[in-house]
1. Using 1/(1 + (r/R0)^6) with R0 = 25 angstrom and r between the beta carbons of residue 369 and residue 545, what's the FRET efficiency to the nearest 0.05?
2. Anything over 32 Å Cα to Cα? Flag those among 152/347; 258/347; 216/277; 69/654; 170/271; 60/100, in the order listed.
3. Within the range 378-456, report the chymotrypsin sites (Phe, Trp or Tyr not before Pro) that DSSP leaves as loop and that have at most 11 other Cβ atoms within 10 Å.
4. Can you give the extra length, in nm with one decimal, that the chain gains between residue 138 and residue 118 once fully stretched, where that is 0.36 nm per residue apart less the Cα-Cα distance?
5. Can you tell me the accessible area per residue over the range 697-799, all protein chains present, probe 1.4 angstrom, in square angstrom?
6. For the range 42-190, what's the relative contact order in percent, using C-alpha pairs closer than 8 Å and at least 6 residues apart?
7. At residue 100 and residue 535, where each label point lies 7 Å from the Cα along Cα→Cβ, what is the point-to-point distance in nanometres?
8. Compute the FRET efficiency between residue 659 and residue 743 as 1/(1 + (r/R0)^6), taking r as their Cβ-Cβ distance and R0 = 45 Å, and round to the nearest 0.05.
Amino acid sequence: MSFLFGGGNNTASAAPKIGGLDNSNLSSNEQAVPVPWCSGEGIFPLTWVVPEVYNLVTVKERKKVSKKKVTVGINYYGDVAGIACLGLIDRVTMIESGDKVIWEGDEARSDVPGHRNYWRAAIATDIGTFYVYWGRPDQPVDDIVLASLGAKDPALAHPAYRRQALVVVKRYYFGLDSTTVPNTRIRLHRAPRPAVGNFPPMIAASDQATRDKAAKQGESIVAAILELLTDGVFGAGLPARHFVAAEWEALSAAVAQKAGLHSPFIDRTRKVRDAVKDYLSYFDGYIRIDNGVLRPGMFPHDGQVPGLAAELTEHDYESKPSTTSTAPSRAVNEVQVSYRDSDDRLKTRVANASAADSVQARRAHEPRRVDMPGIIDGAQAASYAARAAAVASEGTFTGSVDLRRATAGNGDPLKPGDIVRFVYSPFAIDRIVRITGRSDPWRGPASIDFEAEHGLFAALPPAKVEPRPQPGDRIPYPITKARVYELPEGLLANAEGSLSGIAVAFLAMRPRSYYEDMPAMTGLDVIAFDVWDSATGASYDPLGESQRGWAVRATLSAALPGDDTDAAVQIAIDPDNIDQDRITEQSAAAQANDTLLLIIGEEVMSVGAINAAGLNWTLPGCLRARLDSAAEAHAAGKVAWLVYADDVTPLSHKQWTPDTDRRFKLQPRTASDVLELSQAPVFVYHFKPATAAAPVAVTLEPVPAAAAVGDMLTVSGEATAPSGNLATVAAVWMRLGEGDAPAGEQTLSMVVCSGAQKSVCPVATMAVMMAPGRYRAEIRAVNAAGATTKATSGVVVVGAAVVPEEPEKQVPTIAAQILEPETLTLNGAGNLHLTVLPVQSHGRRHLISWCVTLGLFINAESEVRVVLELAVARAGGWPPGESSSMDLGKVRLRRTYTEEHTFSGTMLYDPPADLTQYVLVIRGESPTGAFYARARSLLVQDMPGS
């Protein structure tokens with residue numbers, strides 16, 4: 001016998017949420033998503049069962065403009081179907097579409113055949129007709145939409161979706177210019193129907209008080225547990241022989257009277273055991289197994305000592321008991337209960353309670369937060385929190401002991417669930433405990449586990465509901481005052497990462513927020529905004545990360561001439577601003593550093609002193625034409641923006657092109673909610689026309705006209721672009737063929753220009769003379785438009801290396817000592833060039849080689865790992881345990897690799913009697929799994945006696 005499930009507090013869920021939403025908020029058409037199960041009240045998004053919208057209808061939206069009617073958009077309608085939850089449901093009370101309530105009422109299931117609500121409820125709304133099937137076990141195939149699909153094409157045939165709440169929507173209005181089905185949620189009531197026992201639905205009780213309680217709280221949680229244990233479709237499917245119906249019915253009545261009704265739900269895959277354990281914690285219940293029968297019970301919490309099965313003392317113990325208890329200073333004395341409020345569309349709320357005596361005695365709070373989504377009544381949540389705090393403040397006491405005799409006073413064996421008095425004088429323990437487990441070994445004494453009986457305290461005062469109003473979530477107002485600002489080069493110098501082409505920033509005035517249920521209450525809760533980008537306005541894509549920098553909007557009070565270099569700018573602050581208090585005057589050093597900016601038209605100014613008289617500000621001594629902008633003449637009334645340079649966030653997109661329109665939406669957010677994107681106004685911006693760029697100049701320092709193999713020559717120079725439009729600058733070493741025509745090349749270095757490098761980019765690198773021949777050095781600069789400018793050196797003649805003679809020792813000969821440079825091409829995105837220097841043999845046991853990476857790998861998907869490996873092969877193989885290869889070195893290269901790495905190593909090997917083969921292997925790997933290899937093979941002759 002054992003406890004199958006135990007009571008306890010249900011800790012907060014660790015399930016992740018995206019954007020404050022979980023899968024109880026959003027409709028889905030994802031495959032293999034579990035359909036929700038519930039008992040009591042629930043509000044669930046539809047899980048679509050159709051792969052596409054059927055019977056799509058488009059209607060032009062026409063409005064009168066002047067004397068003509070013009071088309072301003074397209075209205076889309078269609079037919080869809082989805083599942084709300086599992087099981088037979090009893091009522092539908094609300095429908096949401098796009099987070100708006102489109103219908104509220106009370107459609108109840110009728111069990112009279114022929115009644116209009118026998119199979120389904122037909123609910124007509126302004127945006128379509130919803131057919132809600134109750135989920136009967138003999139439910140027919142829907143004849144509104146799905147049956148006709150199967151008749152036209154058997155591949156599209158749908159089942160009847162029996163024992164599932166199917167929702168079919170006919171002529172569903174998606175919106176103006178919207179082809180996306182709105183997020184759709186259904187609020188419903190469902191009574192559990194276990195395969196064992198009789199549990200009439202509380203929502204259909206004969207008395208009004210019980211029906212009202214069911215609508216406010218839900219259904220029997222004991223019946224819900226039993227349904228999960230016995231149902232063969234979405235539960236464990238345990239046979240009826242494992243249950244005594246009368247015990248479960250009695251417990252259900254007792255829990256409903258003592259703890260109320262509940263609305264548990266499951267919206268993700270869970271083990272039945274875990275779900276049942278959670279639901280037992282709602283009334284501090286347990287289930288024990290007695291000869292294969294699951295017997296339920298609960299800790300009564302009534303302050304009364306239950307009837308004792310036995311009294312255990314040290315005379316009954318085979319050995320010293322093992323006990324554990326919570327120190328008084330560590331016991332929890334405050335409980336915060338998270339529940340769903342049935343009066344507020346089942347939104348999450350929190351109820352708090354403390355054990356007053358414990359808090360007063362310890363002068364400290366020891367809180368615990370528990371998630372109880374099955375509670376949907378505020379008063380019930382407050383009562384649960386009070387009882388949970390009182391029980392928790394008692395602390396815990398658990399233990400185990402071996403017994404000489406393990407029988408009750410009537411001679412029956414002690415079993416889990418029995419209440420006993422546990423006395424152990426040496427520890428001064430005298431507690432009322434409940435047996436939670438028993439073990440009977442083949443030989444030896446029986447052992448029991450126990451824990452202190454819960455709730456032996458005086459009756460609690462009635463729980464008080466929080467009297468303060470619940471204003472609901474804080475929702476941001478739209479951003480209506482903002483500017484798209486195409487940035488000058490000076491504002492891009494400190495931009496993080498690389499920006500391609502056009503770069504803009506969004507200067508936005510922070511809007512206020514309002515409370516969902518009390519719109520008249522506004523606040524300053526907007527913390528950030530997201531930028532959405534579109535070419536046509538049909539659909540929008542997110543751009544960049546959330547931005548937390550805000551600007552202050554103003555207008556010029558007086559005209560500002562373009563030639564005033566020491567301007568005193570007069571502005572009037574927009575009264576709708578809420579961030580002007582953040583704007584403070586700057587020191588001379590901060591002003592010189594362009595800390596606080598004033599942007600008017602295309603001109604950027606740097607602000608120092610500020611003289612404020614209410615909303616009328618004077619900014620004396622503004623520095624004009626800052627950060628590569630030009631001074632302009634500005635008329636009175638022109639819009640101006642005050643913004644800190646650190647709050648300017650540059651954004652770019654490869655599809656942005658000059659002299660074209662682009663549409664943007666700014667979506668503000670608070671800590672608890674985000675503005676619906678459909679409610680955000682559209683900002684249309686026309687990018688500036690492309691301007692003719694000044695020519696790029698490239699210089700190359702002279703290189704020697706002659707060199708020898710093994711020499712390293714410096715290749716240096718500089719590229720300058722007055723327009724600041726340098727994209728890349730590369731140094732290249734070219735091998736010449738017949739007639740000095742290029743016959744191959746090696747990229748020595750490449751710089752992806754950013755910041756100041758876009759105007760002036762110096763280059764300095766080294767070229768290693770690998771083989772005799774004729775060569776040239778070249779520096780190539782590519783601007784943003786893709787045009788290339790070059791500077792090329794004269795011919796460099798490379799001769800053979802001169803090896804000094806060593807009369808005292810003979811140098812071993814190595815065939816093909818000089819290797820051509822290896823080139824690895826990774827994913828077609830760029831080249832990584834490896835220069836391999838000559839191999840040297842030192843003695844009979846040494847081989848030395850080294851590798852220099854001189855190349856660039858640009859625009860890689862991720863970092864690259866390069867390995868140089870030295871190996872020696874032998875015709876007869878190697879003896880066991882002897883290594884035939886080693887890694888000479890490894891290096892990890894960043895995505896934009898501009899440095900030079902040298903790695904080398906020495907390998908020892910036993911001298912073979914014959915020729916050996918030396919193999920040099922170069923490998924390039926990326927974390928995505930791509931693998932590239934090049935190998936060179938040489939014969940090495942060992943010299944005896946060296």
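The values are calculated or read from the model by the stated rules, or taken from the named source; none is laboratory data. Note that this is a predicted model, so its numbers are computed, not measured. When we count neighbours, we look across all protein chains shown, and the Cβ atoms used for this are built from the backbone with ideal geometry, even at glycine. Surface areas here come from the heavy atoms of the whole protein model, side chains and all, with no ligands, DNA or RNA. Shrake-Rupley method; radii C 1.70, N 1.55, O 1.52, S 1.80 Å.
1. Details: r = 30 Å, r/R0 = 1.20.
The calculated FRET efficiency here is 0.25.
2. Working: 152/347 43 Å; 258/347 25 Å; 216/277 24 Å; 69/654 38 Å; 170/271 37 Å; 60/100 24 Å.
Where the Cα-Cα span goes over 32 Å, the pairs concerned are 152/347; 69/654; 170/271.
3. Numbers: sites: 384, 397, 422, 424, 427, 442, 450; in loops: 442.
Here the sparse-neighbourhood loop sites are 442.
4. Working: separation 20, 0.36 × 20 = 7.20 nm, distance 1.15 nm.
Gain on stretching residue 138 to residue 118: 6.1 nm.
5. On the way: 4370 Å² over 103 residues.
Normalised by residue count, the accessible surface of the range 697-799 is 42 Å².
6. Details: 335 pairs, mean separation 50.4, N = 149.
About 34 percent, as a whole number.
7. The two pseudo-label positions are separated by 3.1 nm.
8. Details: r = 43 Å, r/R0 = 0.96.
About 0.55, to the nearest 0.05.
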